[in-house]
Every structure is written in structure tokens, then in C-alpha cells.
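Working notes for the structure below.
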Amino acid sequence: MTVLVTGAAGFIGFHTARRLLADGETVVGIDNFNAYYDTELKESRWSILAESDRFQGERLNIADRAELEAFFNNIKPTRVVHLAAQAGVRHGVDHPHEYADANLVGMLNVLEGCRQCQVEHLVYASTSSVYGANQAMPFSEHHGAAHPVSLYAATKRANEAMAHAYAHLYGFPATGLRFFTVYGPWGRPDMALFMFTKAILAGEPIPVFNDGKLARDFTFIDDIVEGLVRVLATPATKNEAWAYSQADPASSGVAPHRLFNIGCGNPVKLMDFIAMLEDALGKKAIIDFQPMQPGDVEQTWCDVTELEKAVGYRPAVDLKEGVAAFVDWYRDFYKT
């Protein structure tokens, strides 16, 4: 089986590709190595994947229609894990067109490739941010997600609708995973754990928004990848119990398409999270309290009931243990 992983030089893409290689799969990875964050980190991840003779890496932009179409026709993947995207809630305020190119045009091009090759299963990245103005906790796939409060979230909600339409029109199974806050070794420099670690070690203040009154459903990368590979091996099907009168948004009666939350299921207060990081670093943070940022939400809380029922997903890594693992990796990688 040949699995195409888009965004393979990215955080989740790298870990997913490495896990699939460890499981004996043939992996084709693509990435455009954009400069949203330090490309040195992406190059280092890529070089690790390239050590396997079952990995083929290509540097290309999913927004390039002709190039991606030719690529799909050449490799004819069996299954696709689509993780390439322009990420980040705040970045979209000043760079909206980057989200349209990567997350809308890029998604359409990937869907077209899946249609051409009639893949066995497409698993694609969505986000907990789609819940937006929804106040019902914990967030459930059975809730509506019609009111995103960031452009990033809006593009990801559009991805879900696009995937459903293609699954209906062309019959290939598609599953969207709504990722909650993912952290761990090789993480993204724009994420809180990475930024806080760098600042604390340098003796610099860390920005803490909404005066610290935030909570996140932090999920360790190994738990995320375990759930993802289980989902990939279990293609979506039509929900035969689905009814128009109830129209459950988590599944479909007219297309082999479904949505799953993937997270820990245990929201942690940001200030408690910072305390764990201080313990792991052996150094206190200098806190710079700031107001709430545009597009942010006060709390995320993941209901993982459906994913557990479907594939036996159960997060295993404790947050304190996971933070310590990240700090160990960071100190080794940056020699601090």
C-alpha cells in the first residue's frame, strides 16, 4: 500500500509519516517548505524520513493544480493523509490569502487527485477551531459548527463541506479529524509550548492572553498519530441510520464521510500548563498578561466518545509526562 502524506515536513505530518514507515508502509510525502516558521526544523524532520528506503519525498505546493495533478497520476496512492495547510488562528488576520491558497485551493486539488485515483480512503485535517462561537462543552461532532470566529476555522469548516461533497459525488471514503491542541517533540514554533519554552530559557517574558483565563485540551503527538492511523485503516461508510429529519453533522446518509474529534478529553487551565512547564525546565516564567486575541476562544474541550467507539482510541500520555518529553527534545535539539 502506498500512502500519500501531505505536509510531511510539518509537525503532525512528520510523526504520521514516521509511524507509517515503522508499520511497514510505503510513504510518499510532499511539502512546500514555506517560511511560516523555521524551515531548518522542517529540513531536519525531512532528513529523518529520508533515511528510510520506503520514503519518497517531493517538494511541491498543493495549490499548484497542474503539478499536483501530474503527481497524483504518477504515484497513484492507495490512501491519502492530507495534513498540508496554512495553520494558525492569529496569522490569518494579516495574511488571509495564504489561507485561501493553501486551505481552499489546495484542498480542492487534493480532492481532485483522490477522485482521479479513486483512493481507498482520504483522512484530512480539520480543527477544533471550527466550533467557534459554540458554547456547549465538551465540543461534540454532533454539535453544529456554523459560526467560526477565525478565517483559519472558516477554511477548515469549508474543507469538511468540500470533502463531503466529493465523497457523495465520487464515492471515495473521507474522514475529517478535528484536532485539538497538539504538542510534543518536533512541535511547531508558533505553538504555546514551543514559544514559552524558548522565552523562559532566555529569561524573556511570555505573552499570556485573556489574563491567563484560558483552557486547552492538550493532546500529545503520539496519541494523535495512534488515533489517525487507526482511522486510516478504517474507511468511512454511509451512516445507514442517518435521517434528514435529524441530520447528524458527524456523519452522512448520502456519502461515505464522517467527522471525528481527536484530542485528550481533559481541558487544562493555561496557568496550570505553564506551571508544569516551569517544573520541567526548572525555571520560573516571567508572565506578560495581555488581552484576548482576535479569533481566539477561551476554552476547548474534546469529546472523544465517537472516536473511541469507532477505533478504540484512548489517549495514554499524561500532560506532565508529555511536557517533560518536549523539554527533553528541545534541549537536545537546540543544545540548551
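Data for the structure
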quantity: Inter-label distance for Met292 and Lys76, nm, one decimal - labels placed 7 Å from Cα along Cα-to-Cβ; calculated: 5.3 nm
quantity: Where only C-alpha atoms are counted, convex hull volume of the range 206-268 per residue in Å³; calculated: 140 Å³
quantity: Within the range 43-146, trypsin sites (Lys or Arg not before Pro) in DSSP loop having at most 10 other beta-carbon neighbours inside 10 Å; calculated: none
quantity: Neighbour-limited loop hits for GluC sites (Glu not before Pro), the range 227-331 (at most 15 other Cβ within 10 Å; DSSP other than H, G, I, E, B); calculated: Glu240, Glu298
quantity: The range 65-124 - charge dipole about Cα centre, Lys and Arg +1 at Cβ, Asp and Glu -1, debye rounded to 20; calculated: 200 debye
quantity: Computed lengthening from Met137 to Lys213, 0.36 nm per intervening residue step minus Cα-Cα distance; calculated: 25.7 nm
quantity: Chymotrypsin sites (Phe, Trp or Tyr not before Pro) within the range 1-65, DSSP loop, no more than 12 other Cβ atoms inside 10 Å; calculated: none
quantity: Part-to-part distance (alpha-carbon centres) for the range 241-290 and the range 152-195, which is given in Å; calculated: 12 Å
quantity: Distant-in-sequence amide H partners of Val268 (H built 1.01 Å from N, under 5 Å); calculated: Arg216, Asp217, Phe218
quantity: Amide H within-cut-off set for Val5, under 5 Å, with H built and near neighbours excluded; calculated: Val28, Gly29, Ile30, Val81
quantity: Dipole moment magnitude, nearest 20 debye, the chain about Cα centre, only Lys, Arg, Asp, Glu C-beta charged; calculated: 260 debye
quantity: Within the range 139-297: Cβ-based charge dipole about Cα centre, in debye rounded to nearest 20 (Lys, Arg +1; Asp, Glu -1); calculated: 240 debye
quantity: Among Gly171, Gly144, Tyr124 - extreme Cα towards positive end, dipole of the range 119-274, charges at beta-carbon; calculated: Gly144
quantity: With every protein chain in place, the chain: carbon and sulfur % of accessible area (1.4 Å); calculated: 51 percent
quantity: Asp248 versus Glu51: modelled label distance in nm, points set 7 Å from Cα along the beta carbon direction; calculated: 4.3 nm
quantity: Kirkwood Rh and Cα Rg combined as Rg/Rh, the chain; calculated: 0.95
quantity: Rounded tilt (10° steps) of 319-334 against the dominant C-alpha axis of the chain; calculated: 80 degrees
quantity: Solvent-accessible area per residue for the chain (1.4 angstrom probe, square angstrom); calculated: 42 Å²
quantity: Area accessible to solvent at His257, 1.4 Å probe radius, in Å²; calculated: 10 Å²
quantity: Alpha-carbon centroid distance for the pair the range 200-216 / the range 67-120, whole angstrom; calculated: 33 Å
quantity: Crossing angle, helix 39-49 versus the chain [Cα axis fit, 0-90 degrees, rounded to tens]; calculated: 60 degrees
quantity: 5 angstrom amide H check on Phe289, placed H, neighbours 5+ away; calculated: Val208
quantity: Spatially near lysine pairs across the chain, Cα under 21 Å, sequence gap of 8 or more or different chains; calculated: 18
quantity: Cα-projected label distance for Ala146 with Ala275, points at 7 Å along beta-carbon direction, nm; calculated: 4.1 nm
quantity: Spin-label proximity, Met1 to the range 65-95 - amide N less than 12 Å from point 7 Å beyond Cα toward beta carbon; calculated: 78-81
quantity: Most fluctuating residue given options Ala158, Ala241, Ala87, as computed from a GNM of the chain linking Cα atoms under 10 Å; calculated: Ala241
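The values are calculated or read from the model by the stated rules, or taken from the named source; none is laboratory data. Fair warning: this is a prediction, and the values are worked out from it, not measured in the lab. Reconstructed Cβ throughout: ideal geometry from the backbone, glycine too, with neighbour counts over all protein chains shown. For the accessible areas, the whole protein counts, side chains as well, though only heavy atoms, and no ligand, DNA or RNA atoms are used. Shrake-Rupley method; radii C 1.70, N 1.55, O 1.52, S 1.80 Å.
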